[in-house]
């Protein structure tokens, strides 16, 4: 007799697996109580993506945490997903939402030139690289 995986059976297995992973993580890492719901949601979503389970698309389109036109400041960029401020968004997007910069731009209908790094931070890194001599050809070869 074949065992057919039903959506509720998949959902139950996913919830059980999520609980196991979160319990193992929390037993070895300090996690503030306020962060537990986010941790559970992140693990559940990640396991759902890995397992091929299709998440129900939200009925409403997600709204950005801030107006995209006001998200880029000189010293930081505000993440449209959660409203947090960062010098660089790339790692945050991948670790918390599983999004690449291109997927993030597409999700929020941002221009391809939308920065993932705060302008002042990019300028400081550029100046440091130039000071170190990066990008120049070697002399005497």
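What to note about this one:
- Principal-axis tilt of helix 7-28 within the chain, Cα atoms, nearest 10 degrees: 60
- In the frame of its principal axes, the chain has Cα extents of 75, 40, 35 Å, reported largest first.
- Whole-number D in µm²/s for region 58-136 (Stokes-Einstein; Kirkwood sum over Cα pairs; 20 °C, 1.002 mPa s): 157
- Gain in span if fully extended, residue 123 to residue 10, counting 0.36 nm per residue against the direct Cα distance: 35.8 nm
- Pairs of Cα atoms nearer than 8 Å and 6+ residues apart set the relative contact order; for the chain it is 16 percent.
- With Cα atoms, 0 to 90° folded angle of helix 36-50 axis to the chain main axis: 80
- In terms of the mean number of neighbouring beta-carbon atoms within 10 Å, the peptides 23-31, 85-93, 112-120, 65-73 order highest first as 85-93, 112-120, 65-73, 23-31.
- Using alpha-carbon coordinates, inclination of helix 119-132 to the longest axis of the chain, degrees: 60
All of the numbers you see were taken from the coordinates with simple rules; none came from a lab. Computed from a prediction, not measured in an experiment: that's the story for all the values here. Reconstructed Cβ throughout: ideal geometry from the backbone, glycine too, with neighbour counts over all protein chains shown.
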